[in-house]
1. Just wondering, is there one or more residues in the stretch A:473-488 that are under 23 Å from residue A:314 (Cβ atoms), open to solvent by less than 70 Å² (accessible area, probe 1.4 Å) and touching a Gly at 6+ places or on another chain (Cβ under 9 Å)?
2. Going by the conditions given, is residue A:339 modelled with pLDDT of 95 or more, open to solvent by 20 Å² or more (accessible area, probe 1.4 Å) and more than 14 Å from chain B (Cβ to nearest Cβ)?
3. Within the stretch B:65-89, which residues are within 17 Å of residue B:36 (Cα to Cα), touching a strand residue (DSSP E or B) at 6+ places or on another chain (Cβ under 8 Å) and not in a helix (DSSP H, G or I)?
4. Which one of B:92, B:79 is out of contact with any His (no Cβ under 7 Å at 6 or more places or on another chain), without any contact (Cβ under 8 Å) to a residue 60 or more places away in the chain and not aromatic (Phe, Trp, Tyr)?
5. Just one of B:106, B:154, B:122 is free of Cβ contacts under 8 Å to residues at least 24 places away in the same chain and within 12 Å of chain A (Cβ to nearest Cβ); which is it?
6. Name the helices (runs of 4 or more DSSP H) wholly within the stretch A:196-282 that hold at least 2 residues that are modelled with pLDDT of 95 or more and assigned by TED's automatic domain parsing to the domain that holds residue A:145?
7. In the stretch A:100-159, which residues are among the small types (Gly, Ala, Ser), touching a residue at least 40 places away in the same chain (Cβ under 8 Å) and open to solvent by less than 30 Å² (accessible area, probe 1.4 Å)?
Amino acid sequence: MTTGRRAPFDALFDPRGVLVAGASSHPGKFGFVALHNILASGYKGKVFATNLDGGEILGVPVARTVDELPDGDIDLVFVCTPPAANAALLEACARKGVRAAFLTTAGYGEAGPEGRRAESEIVALGERLGILLAGPNGQGVVSTPSSLCAQIVAPFPPRGRIAVASQSGNFVSSFQNYAMQTGIGISRAVSAGNAAAVGIADYLEYYADDPESAVSLAYLEGVSDGRRLFTRLRGVTERKPLVVLKGGTTASGQRAAASHTGSLASDAKIFEGACRQVGVTVATTVEEAFEAAATFATQPLPAGPRVAVVTTAGGWGVVTADAIARSELELVDLPDDLRTAIDAKLPPRWSRNNPIDLAGGETRDTIPEVLAMVAEHPGVDAVVYLGLGIQSNQARMMRDGPFYPGDGLERIVAYHERQDARFARAAADVSEATGKPVLTATELAIASPDNPGPRTVRETGRLCYAASTRAVAALEHLWRYARWRRRRNLE
Amino acid sequence: MSTLSEARSKQLLARYGVPVLDERTARDADDAVAAAAGIGYPVVVKLCGDRIAHKTERGLVRLGLHDGAAVREAAMQLLAATTSEDGPVELLVAPMVRSARELIAGLHTDAQFGPCVMVGIGGVLAEALADVTFRLVPLTPVDADEMLDDLAAGSLLGPFRGEPPVDRDAMASVLLALSRVAESEPQVQSVDVNPLMIVDGRPVAVDALVEVTE
């Protein structure tokens, strides 16, 4: 995206000042919620409000007309007024130097022929005035570097490096809720609404050059010009990974066709093929989509498909191995020199193959040492680590039980909690040192999120996967993208 | 929209590098017998014409003919089965090939995505399995190679029932040829290569149907 084209998007995502047009004093109305959310999220720029009544809402003085507001202080107008008012509003905003508008207003293209006419008129007006028009009929825009939460729904997610663009506002909320839960944050998020003037591809092109964003996450429903869209997506994926959640993939594009090829050509199959061609990785569920993006944002790309599983118990390793076997990843045969090296650290009952099942033979330093040996081995491209937090879970039961802190419980509880925190940190450290992904999975991430194991994973800025199968699915996204790049000699 | 005869479909595809059998066209039974002798037995004889799109359903394919008498009888029966709606017809004489593996490949013009190349598992279960994958034209060699990895029954491409593994480069070159057809022949709306048989590990178009705009 050229500098000239970026400027209006800068006004949308990093405005110097925001005007809420159609601000309401009623806490149930969008015009109140939007103003509330902007103020509550700690937005640093100036905040203005207009409505027909004037007065003051949430401490912000309300102007009756845009003309009363200062010149040049406002980059973004968040529009909650009805369609009939919006042409005059945009004209007035343009005179004040506004360069971007987010229209949350409904009643446009989604509302019959009259709405469609109003929509094309407002698009044309935006173009004439040089105002970037986001929406209409969208939930809003979030930009954590500017502490901006200009949306009519919660939450305001933690800052991070995932950039979201969605054809459904509710999925923006879903992804942001996952960001709240996991601590893996969002850089920008926008609900495209009717995407009358600005579409998903426009946002994704902006994100591709955005230094705040490491990966894009998009929800796509309808695709109006597939060929053009994918040409543009190819430009995005050359620069950054893109995870797409596609709605409506089961709708069969059954066509009356003379050819077998035609009758086999479903929309879903063609979409999937096109994604593979341009390096977009496709997720089939909301959590898979978020976790794939979170992994791109927090782990290095693997150089190859060879995965080693380090586990403290057998069953977990077996199920994880099965998931790897079903994926495009590869459960690496344990190299002899690595086996010998681990032999020196563990009693002989360990699995002596991959999954590397320590089988309870570990002592104080075994886990960090084995993680390092495995990740450092040139025959291993990625590591999945299972079993974090078990001891701290027992520690919690002891801490909450009737005997604590006596009978030596205080000391052992502290030891277990210290150890799990240490293991979580070791996983992150070894990943950073080797440049290889090391993913930690335990259901304690959601069953007991304060357990020092998963809690420390979060503190290292990484995702603690709630199941090893989910870690494998996320890692597969990274490998598909890395492989796509490598085969096309990108980097 | 109209279709090209099998012979003309294959001639077009062959020009772009899709491998086809050593086939001959024949006007009548004498011609067909001569063609069969030139090819070597056993042979297949089919009735072929621009307006004949579904030969198998109409019984217009005779397989496994082992001598001149069988070819003559088949040719006469096929010519007699011609209807007035078929327009100009001819016979197509081809060597009889057998393969444990039938794939399907083609070209589809999608309303949203434009021309797309397809490859998948062919044979009678093709549409039930729908184990197919698509890419948008134009394909790169990497795209074509990756398509083969998409197939759920990808193990079919390895060594199979005493046959060698499928020559991946040869498969990819079929897909690249289809991509070039789409780029260079804008009148082509769809292509069916069904079956694309794997003979001695290499793909060959045993039947083909090209659909063109009028």
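1. Scanning the stretch A:473-488 turns up no residue that is under 23 Å from residue A:314 (Cβ atoms), open to solvent by less than 70 Å² (accessible area, probe 1.4 Å) and touching a Gly at 6+ places or on another chain (Cβ under 9 Å).
2. In short, yes.
3. Once the filter is applied, which keeps residues that are within 17 Å of residue B:36 (Cα to Cα), touching a strand residue (DSSP E or B) at 6+ places or on another chain (Cβ under 8 Å) and not in a helix (DSSP H, G or I), the stretch B:65-89 yields only B:65.
4. B:79
5. Every option except B:154 fails the conditions.
6. Qualifying helices (runs of 4 or more DSSP H): A:200-208, A:226-237, A:267-278.
7. Result: A:100, A:109, A:126, A:134, A:135, A:138, A:140, A:143, A:146, A:147, A:150.
Here is a yes/no grid of residues against (1) open to solvent by less than 60 Å² (accessible area, probe 1.4 Å); (2) charged (D, E, K, R); (3) modelled with pLDDT of 95 or more:
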residue: A:1; (1), (2), (3): yes, no, no
residue: A:7; (1), (2), (3): yes, no, no
residue: A:29; (1), (2), (3): no, yes, yes
residue: A:56; (1), (2), (3): no, yes, yes
residue: A:60; (1), (2), (3): yes, no, yes
residue: A:66; (1), (2), (3): yes, no, yes
residue: A:77; (1), (2), (3): yes, no, yes
residue: A:87; (1), (2), (3): yes, no, yes
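The values are calculated or read from the model by the stated rules, or taken from the named source; none is laboratory data. Here the structure is a predicted model, which is why all the values come from computation and not from measurement. As a convention, Cβ positions derive from the backbone with ideal geometry for all residues, glycine included, and neighbour counts pool all protein chains shown. Surface accessibility is based on the protein's heavy atoms, side chains included, excluding ligands, DNA and RNA. Shrake-Rupley method; radii C 1.70, N 1.55, O 1.52, S 1.80 Å.
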